[in-house]
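The values are calculated or read from the model by the stated rules, or taken from the named source; none is laboratory data. All of these numbers come straight from a predicted model, not from anything done at the bench. Backbone-built Cβ (ideal geometry, glycine too); neighbour counts: all protein chains shown. SASA here: full protein model, heavy atoms, side chains in, ligands and nucleic acids out. Shrake-Rupley method; radii C 1.70, N 1.55, O 1.52, S 1.80 Å.
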Amino acid sequence: MARVQPSSVLEVPSEASVWREYLQERKQSIYASFQKRSDPFKTLAELSAAVDDTLIAIWAATGQSSAACLIAVGGYGRGLLYPYSDVDVLILLPGKADKQTRSRLERLISQLWDAGLEIGHSVRTIEQCQEEASQDITVQTTLLESRLIAGNRRAYNRFCKSMKSSLKVTDFVEGKLLEQQQRHGRFNDTAQNLEPNLKESPGGLRDLQNILWISSAADLGTNWQELTQQRILTNVEARQLRRYERVLAELRIRLHYLAARREDRLLFDFQSALASEYGLKNTAAKRASEQLMQQFYTTAKAVTLLNNIVLQNLRKRIFPQVTGQPIALNDQFQIKDELIETRGPGIFQRYPHAIFDVFLLWQTHPEVKGLAVGTMRALWHARDLIDAKFRRSSKHRRQFMEILRAPSGLTHTLRRMNQFGVLGRYIPEFGRIVGQMQHDLFHVYTVDEHILMVVRNLRRFAVPEMAHEYPLCSRLISEFERPELLYIAGLYHDIAKGRGGDHSLLGMQDAERFCRRHSIDRNGVDQNGIDEQDTELVVWLVEKHLYMSAVAQRQDLTDPAVIAAFADEVKTDRRLVALYLLTVADIRGTSPKVWNAWKAKLLAELFHATRRYLSHGAVSSDRVLASKHERVLTRLRAYALPEGAQKAFWKKLDDSYFLRHDEQDIVWHTRMLSYRIETRTPIVKARLSPIGEGLQVMIYAPDEKLMFARICGFFQRTNFDIVEAKIYTTRHNYALDTFEVMTTGRLDVHYRDMIRYVEHELRAWLKRPDTPAPRKGRLSRQLKNFPISPTVTIRPDDRAQFYYLNIVAGDRPGLLYRIALILARYQISIYNAKINTLGERVEDTFLVQGEALKNARTVVRLESELVQELQAKS
């Protein structure tokens, strides 16, 4: 590459402090110009030229050897330098550096740092460069992108010649393709994360650079124009790539300036400010930041597809294959060289149904590696053919239902359809949520990515090889007739997000229209359609997709009235199974951190209890108690507990204890406490939780007003997460509390040591005479930038015996402890607590009782105090 000539407008100074000032003035001037005209490539070139000037002057001023040379490499070598990117340079020496040369180089590097340059430098000979390049493809790529800045041109030419001669094109290409595959894998093969990396994510700048690295190595072109001349790109594709490159480059420049550091991640901290720079405004349905990010995701999606098309075309040119005989699939398509291709030009224009045909063939022939380049291009351009007329076609509707009903390949097919823009064209309501962000603090994917994850989870339940992951779900879906109804519900459950209003109700209407369009015809001839009964199921699932999760995680599942009310809403076993499967798939599709064994247990408990109710109706509490007593006694005999040893302890417990606690918990409590009923010393026992994750901790001690708050304070300070607390007071006024806690972050601690630690430290904590104040902690970045307005609701239960206290707020350290202290001040007793943490959002439900709750004014004051405490504080 020829070196970009340095600017000669300003006389370059000769001392480091003045060079620093010179660079700052140049950068400020460049930034001012960028703000006026937003020309990203000119800005990058000017920043590069400003650094060139400084390097040339310092190289000369430090008296470097005439045999050496200073070479720009990497991004700086391309002559495109981002505002806060490192300045990567290679100092090329003819041989081993002597003492005088080392002294000069030390002075050079020192002066460069003093001038304010973030230098990434290496000092090598040509032989050393060749050796390192042969061992590391990243180093080889960096060295191939070079410009001479200063010094011996002949040495630089020899360097270029040696790099080129040692380049093994086929190895380099295979290496870069593998490198891209691994890089995409680090981002789960999607740019649809809420804080994507502009440079490294799939669809980012690195994907564009990778095309040019490969084409340059193969002498097929160093820019989009040259690739067009080589017929690697079409003119349309070249224009699109230039436009997308400009969009990403401008966004990265603005991000650097805004962050005032080298930052390539679109962090929440910067999204709103960046949206403001682009002139975007909040609307009733979408924040300005969501509009910005949707534009980015659309760009990244297009770049990913074009990257795939161009790289496949390059592979075909670089690795020519012996063409085998094509295998005809139908009149429009064939398999050739393990790729599906059209059997002639204009197939999609002449036969629009071929758009779905190609996906069906791809789905039913897993042995193929993909689509041929020409077919990919034709399919990409054919997406515009999917209009209202296309959607009305009964043939196309049958094809789409065939895709949903195929025994395998559904997830890949829907993702491919989304990648090519086909899914959003056929289902316009889906097209509106492509790239739509979700600032609810627990979804980590965009709406379209989350929806496809939910469908993928449902499909995964049906795969026999995955039955070990969720055995109950796998068994249920294997017995479920027409599972494609679940997939449709999954596609529509969140499809109305971002429109304003209740997305469940709006999505229900969309789902009904979809089912009507794909229904069985009047004569019953089209048996591929959806009948009236199945339509009602899909619509109900979309409307109620949050219902089961809310009941399981917010209400008392030991209360027969809760189960009865849930069963009355569900009505049939088929509905129950469908809602359970959709709920599990939905929660698992929000974030890898949201699903846990405790949520699994709650949902399974609600499912089984409702199924029993639907089968046998309500069972009297006397029968339940008698049956539970008998089963507990049978278990106690297995532990060799003497006959009747439990009687004294059980006399201190009322029926509510036995109804609200599991059999194994009652057995555990009885074994631990039957001989220590009147102890004045707190008893703390811990064990591995029966749900298979975290610890279960039992506390037995004389009751006191601040007991629950003090226990919460201990777990806060020791960094345990409480997921449920069962609070019980015995007839002789002892607290018998059971906590389920998660132990995230303690994987390196043996569980026995953890149990001993909790038992010893919590016992000592409860003996303390004081109640320490809650510790302060930092809010997460996400919560700082997208705060939640807390809500507090207090309502009586159906029998007006207890009250439900529901809290929704942003999570922060010590939150539960602070809530407990406030409730203690109002002398409110807690009987049950379900702590539901969804990413950075908490949805906690407490079953409480107290005289203060009977006074309307006191309730208002309590709610106000809780809201004030729940307000996010940094």
### Task
Would you calculate a helix-derived [θ] at 222 nm for the chain, using -39,500 (n - 2.57) for each DSSP H run of n ≥ 4 and dividing by the full residue count, to the nearest 500?
-17000 deg cm²/dmol
#### Entry: Estimated inter-spin distance, T634 and D219, nm [label 7 Å along Cα→Cβ]
8.3
### Query
Going down the list K36/K301; K599/K726; K27/K96, which pairs span over 26 Å between their C-alpha atoms?
K36/K301; K27/K96
### Message
Are there any trypsin sites (Lys or Arg not before Pro) in region 356-450 that are in a DSSP loop and have at most 14 other Cβ atoms within 10 Å? List them by number.
### Response
K369
### Summary
FRET efficiency (R574, D662; Cβ distance; R0 45 Å; to 0.05) is 0.95
## Note on the structure
Taking Cα pairs closer than 8 Å and at least 6 residues apart, the relative contact order of region 136-244 in percent is 17
### Task
Taking 7 Å along the Cα-to-C-beta vector as the label spot, tell me the I755-S478 distance in nanometres, rounded to one decimal.
3.4
### Query
For region 236-369, with only Lys/Arg (+1) and Asp/Glu (-1) charged at the beta-carbon, what is the dipole magnitude about the Cα centre, in debye rounded to 20?
480
### Query
What's the extension gain from V18 to R343 if we count 0.36 nm per residue and subtract their Cα-Cα distance?
110.2 nm
### Task
Excluding residues on the same chain fewer than 8 positions from K628, give the aspartates and glutamates whose Cα lies under 14 Å from its Cα.
D654, D655, D662, E663, D665
### Selection from S29, G810, P352 lying farthest towards where the dipole of the chain points positive, charges on Cβ
S29
### Relative contact order (percent, whole number), region 515-661, Cα cutoff 8 Å, 6+ residue spacing
22
### Query
Structure shown: which of K705/K767; K685/K767; K42/K286; K168/K316 lie over 23 Å apart, alpha-carbon to alpha-carbon?
K42/K286
### Förster radius 30 Å - calculated FRET efficiency between A284 and S393 (Cβ-Cβ, nearest 0.05)
0.25
### Message
Suppose the chain between I677 and R861 were pulled fully straight at 0.36 nm per residue; how much longer would it get relative to their current alpha carbon spacing?
### Response
62.3 nm
### Antiparallel DSSP beta bridges within the chain, as percent of all bridges there, nearest 5
90
### Summary
In debye to the nearest 20, the charge dipole size for the chain, taken about the Cα centre with +1 at each Lys and Arg Cβ and -1 at each Asp and Glu Cβ, equals 620
### Task
With unit charges on the beta carbon (Lys/Arg positive, Asp/Glu negative), name the residue among V463, H450, G424 whose Cα is farthest towards the positive pole of the charge dipole of region 411-494.
G424
### Query
Which ³J(HN,Hα) values in Hz, rounded to whole numbers, follow from the phi angles of region 59-66 under the Karplus curve 6.51 cos²θ - 1.76 cosθ + 1.60, where θ = phi - 60° and Gly and Pro get x?
4, 5, 5, 8, x, 6, 4, 5
### Task
Would you rank H616, H121, H412 by solvent-accessible area, highest first, keeping every protein chain in place and using a 1.4 Å probe?
H616, H412, H121
#### Entry: Amide N of region 64-95 lying under 15 Å from the label point, which is placed 7 angstrom from the Cα of R778 along Cα→Cβ
none
### Query
What Kirkwood hydrodynamic radius, in Å, does region 649-746 give when the mean of 1/r is taken over all pairs of distinct Cα atoms and then inverted?
13.9
### Query
If one computes the Cα centroid of region 605-661 and of region 37-77, what distance in Å separates the two points?
79
### Message
For a quick check: with amide H placed at 1.01 Å from N, whose amide H comes under 5 Å from I530's, ignoring anything fewer than 5 positions away on the same chain?
### Response
S519, I520
### Message
As an exercise, identify the trypsin sites (Lys or Arg not before Pro) in region 612-688 lying in DSSP coil whose Cβ has no more than 10 other Cβ atoms within 10 Å.
### Response
R680
### Query
Along the positive direction of the dipole of region 97-196 (beta-carbon charges: Lys, Arg +1; Asp, Glu -1; about the Cα centre), which of Q128, Y156, T170 reaches farthest?
Y156
### Summary
Measure of exposure for Y470: accessible area at 1.4 Å probe, Å² rounded to 10, is 50
### Task
Scan region 487-586 for trypsin sites (Lys or Arg not before Pro) in coil per DSSP, keeping those whose Cβ has at most 15 other Cβ atoms within 10 Å, and list them by number.
R522, K571
### Message
Please list, ordered by chain and number, the residues whose modelled amide H lies under 5 Å from the amide H of N836; skip anything fewer than 5 residues away on the same chain.
### Response
E843, D844, T845
### FRET E, pair H732, K593, Förster distance 41 Å, beta-carbon r, rounded to 0.05
0.45
### Query
Given labels modelled 7 Å from the Cα in the Cβ direction, how far is it in nm from A32 to A565?
6.7
#### Entry: Table column - 3J(HN,Hα) (Hz), region 660-676, Karplus curve with 6.51, -1.76, 1.60, x for Gly and Pro
8, 10, 5, 4, 5, 5, 4, 4, 4, 4, 5, 5, 7, 10, 4, 10, 9
### Query
What percent does the relative contact order of the chain come to when contacts are Cα pairs within less than 8 Å and at least six residues apart?
7
### Task
Rounded to the nearest Å, what's the spacing between the alpha carbon centres of region 761-827 and region 383-430? Just the number, please.
47
### Task
Let me know the charge dipole size of region 771-867 about its Cα centre in debye, to the nearest 20, where only the beta-carbon of Lys, Arg (+1) and Asp, Glu (-1) is charged.
420
### Message
Can you tell me the length gained on complete extension of the stretch R825 to R154, counting 0.36 nm per residue apart and subtracting the Cα distance?
### Response
233.3 nm
